[in-house]
Each structure stands twice: as C-alpha cells, then as structure tokens.
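Q: This is the structure I want to talk about, given as structure tokens.
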Amino acid sequence: MGMTMTQKILAAHAGLDSVVAGQLIRANLDMVLGNDITTPVAVNEFEKAGFDGIFDREKISLVMDHFTPNKDIKAAEQCMKCRTFARRFDVKNFYDVGRMGIEHALLPEQGIVKAGDCIIGADSHTCTYGALGAFSTGVGSTDMAAGMATGQAWFKVPEAIKFNLTGKLSENVTGKDVILHIIGMIGVDGALYKSMEFMGEGLKNLSMDDRLCIANMAIEAGAKNGIFMVDEVTEKYMQGRVKGEWKVYAPDDDAEYAEVYDIDLSSLKPTVSFPHLPENTRTIDEVGDINIHQVVIGSCTNGRLEDMALAAKILKGRKVHPDVRAIIIPGTQQIYKDSMKAGYMDIFIDAGCVVSTPTCGPCLGGHMGILAAGERCVATTNRNFVGRMGHVDSEVYLASPAVAAASAVTGKISGPDDLK
C-alpha cells in the first residue's frame, strides 16, 4: 500500500519501512519548539519527571514572542523561567527581546526547520513548517517536556486529505484567501486529525509566504498537520538558508486519501471569516456594510514581507479612517528591517498606523491592541473565537492583508477594489 508525504516522513523517523493510518509509532524528532507561554509549563513537567538533561542543544528552539517585551509581572516571570532553562542547558536557538520574532515566522526564516523534518511544538500553529515539506504539529507542554529530554514523541499516523491546486491567484488574492476558502468549504472539523496535503500544477504559482500562511491555518480545519510537496519554490527558499541537508518525500502514486479536493486558484475571491469561527466565510462581495474599529496586520499567519508589501501598496498615499486604529506587526526583526529599507514603514506611519515590535500580542488577546465590548476588528490573524482579542462581546473578522488595509482606509470591511 502506498504512503502519503506525512506517512513517509513518520515511517522514516520511526525507523520503519512503512506505516498505515491509525498506527501508533514512536518517532525521532528534528526540532522541539516552545514559547514564553508553553515553555514554563514544559519546564515544570521536565523537572517533575526528574530529567537532568536535554537530548540535543541544537534541536530545541525557545522563542519569547507572546508577551514580550514583558507586559506585566507574570509575563516577566514566565520569560525568566525560560531564560534560566535555556542558559542551564545551553539551548542554541533561544530568541529573546531584540533577537526574537513570532516563532512561526522566525524558524523558517532562520533555516532552523527544513523539508523532511519531524517537528513538534507546544503551540498549535506549529503546523506552519509543513510549507517546507516537513511533518510538523502542535503538542501539549507535557509532550514538549518529554521531547526535550528524549528527542522522541508518540504519534498516531493520520489519514490524509489531498488538495489538488490548479490555476493562479488573481491580483490581491492571497494564500490567506485560499485557506479561508478551504476552511469555509470543509469546516473547522473537516480535516480532524488528518494530514492536509497540497499538490498540483497550481503550486508553482504560490509563493513561500502564501504556503506558510496556508499550512499555518491547517489546524483551524482540525488537521494534525498541513504539508506541501517540495518544488523549485521550496528549494530556492531553503538554499543558503537551511543549515544541513534536507530530504524530499513525495507521495506514492497509490497513496490513499480520505478525500480529494480540486481547487482552481483563479476562481477564488478575497474572503472574510466572520465571528466566531474560521469556517464562517463570505467572499468580499457578500460581506455587506460592517463598520470596524481596529485593524491588525501581522501574526504568524500574515506578518511576513509579502504581507507588509501588500498592505503598503494599498495604504500608500492614503489615510487610515479616523474611527480606526491600525496596528502593523512585522513577524521578525529581519522583516522589520526589510520593510524599513523598502519604505513600507514610512507608508504605514504616514497613513496613520502604529508599528509594533514583533509579537503575537493582540492575536491571542495578550497586549498591543485589546478590544473593548462592542468593538470590531479586521485581523490577518488565524482565530476569531469569542473573546479571542479581548472582550467577549467584541468581534474579530479574519482576512488577508489586502482586505485589512483597505478596511483600515474605509472604516468598514472592504476589498481593494472598493478604493478605486
């Protein structure tokens, strides 16, 4: 029986010739990730279990990104616990204030994750790295603790869903619109504990930033992981960036899929996810007249350089609506620098936006843009659950940087064409 991409990676890391869906395996890990919220819990479990060492100082990444720079005393204590652990075991990939970025933007940028890897992270959006052709999934802090100590994790091999992509996206339609369309089509549990596997001739028309966005939100469809076939786009991204060799796994011709979906990228429109689930999608022409109070452009989903460029293109020469607070959050320090060099920061500030240091901040209702009761936000983030960005009576609408930037100008949910 043939295997999918995910099944091949898991078999290789478990030392097995083959695996089948539903099989329980123990696999070797190439990277274990934690952040300033989940790592302190993992460290407590690590110490409670009596572990006295980590499996590999170069295969653990700790990124201080959710509440940093520290927003309060509790956040400061959490980060101190992470710093103490990192120094104790000489963790190589420790990213703190001044060096850090949003974890799922930072690790690919730094070449820490690569095709063929088996990765776990104590953050649900760890599935991002499937954009590079890796098996990557979110776990709990207890699994993170065991992974740091042993270099291994248990998995149930997932079934897979095949997404065959064709065509090319229209102007101002992005990877965010692709994944919102898919989640709207299959639902938030449409890929429950399955691997979402992306392939097809349309792949060549998706940038790496598009792919990272799509893989990032696989979890919003309930998936165990999302993964893209490795092609020239992937190889070009990894060359000169990734340290060490990578391995490419392609699905067998007779690989079994629970479902197969054909998606013509050229048919997609800018898409908005309404409160309070990512599956509540409408195309921009179906939105109606909805006034907003805040826009957030950033996060591990859409804080990359192409996102900054798209937002800047739309905001150039325009002003943010006086009733809107527009917050721009580059995903990493490098993206911040590249945005400055490209002139994007001048455009943002001249338009009336505020620019933040890299942080998860408002995405999880942490800081840097909390909503009050009755307020509405258009955000390029990945979740719009009740109270996600602040008060339980606030609303978050998920959209691309193009829609978010246009909405910041008009003061209501809008597409770029509404500015013409």
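The values are calculated or read from the model by the stated rules, or taken from the named source; none is laboratory data. A quick note: this is a predicted structure, and the numbers were derived from the prediction, not measured. Cβ coordinates were reconstructed from backbone atoms using ideal geometry, including for glycine residues, and neighbour counts include every protein chain displayed. Each accessible area value is taken on the protein alone, full model and side chains, heavy atoms only, with ligands, DNA and RNA left out. Shrake-Rupley method; radii C 1.70, N 1.55, O 1.52, S 1.80 Å.
Q: Is there any pair linking a residue in the range 381-392 that is in a loop (DSSP other than H, G, I, E, B) to one that is open to solvent by less than 40 Å² (accessible area, probe 1.4 Å) and among the aromatic types (Phe, Trp, Tyr), with Cβ under 7 Å and at least six apart or on different chains, and which?
A: What qualifies is 384/397.
Q: State all residues of the range 232-246 that are surrounded by 15 or more Cβ atoms within 10 Å (Cβ to Cβ) and in a loop (DSSP other than H, G, I, E, B); if no residue qualifies, say none.
A: Within the range 232-246, 242, 246 qualify.
Q: Same structure, new question: Select, from 41, 63, 91, 19, the only residue that is aliphatic (A, V, I, L, M), open to solvent by less than 30 Å² (accessible area, probe 1.4 Å), closer than 15 Å to residue 122 by Cβ and in contact with a helix residue (DSSP H, G or I) (Cβ under 6 Å, 6 or more places away or on another chain). Give the derivation first.
A: Numbers: 41 fails: open to solvent by less than 30 Å² (accessible area, probe 1.4 Å); 91 fails: in contact with a helix residue (DSSP H, G or I) (Cβ under 6 Å, 6 or more places away or on another chain); 19 fails: closer than 15 Å to residue 122 by Cβ.
Exactly one of 41, 63, 91, 19 is aliphatic (A, V, I, L, M), open to solvent by less than 30 Å² (accessible area, probe 1.4 Å), closer than 15 Å to residue 122 by Cβ and in contact with a helix residue (DSSP H, G or I) (Cβ under 6 Å, 6 or more places away or on another chain), namely 63.
Q: Would you mind stating whether residue 335 is open to solvent by 20 Å² or more (accessible area, probe 1.4 Å), among the hydrophobic types (A, V, I, L, M, F, W, C), in a helix (DSSP H, G or I) and more than 24 Å from residue 280 (Cβ to Cβ)? Let's see the steps before the verdict.
A: Working: open to solvent by 20 Å² or more (accessible area, probe 1.4 Å): no; among the hydrophobic types (A, V, I, L, M, F, W, C): yes; in a helix (DSSP H, G or I): yes; more than 24 Å from residue 280 (Cβ to Cβ): yes.
In short, no.
Q: All but one of (1) touching a strand residue (DSSP E or B) at 6+ places or on another chain (Cβ under 8 Å); (2) open to solvent by 10 Å² or more (accessible area, probe 1.4 Å); (3) more than 24 Å from residue 240 (Cα to Cα) hold for residue 112; which doesn't?
A: (3)
Q: Please find, within the range 197-218, the residue that is nearest to the chain's Cα centre (by Cα) out of those that are open to solvent by 50 Å² or more (accessible area, probe 1.4 Å) and not polar (S, T, N, Q).
A: The qualifying residue nearest to the chain's Cα centre (by Cα) is 204.
Q: Moving on to the next point. Of all residues in the range 150-165, which are open to solvent by 20 Å² or more (accessible area, probe 1.4 Å) and either out of contact with any Leu (no Cβ under 7 Å at 6 or more places or on another chain) or at positive phi (or both)?
A: Of everything in the range 150-165, those that are open to solvent by 20 Å² or more (accessible area, probe 1.4 Å) and either out of contact with any Leu (no Cβ under 7 Å at 6 or more places or on another chain) or at positive phi (or both) turn out to be 150, 159, 162, 164.
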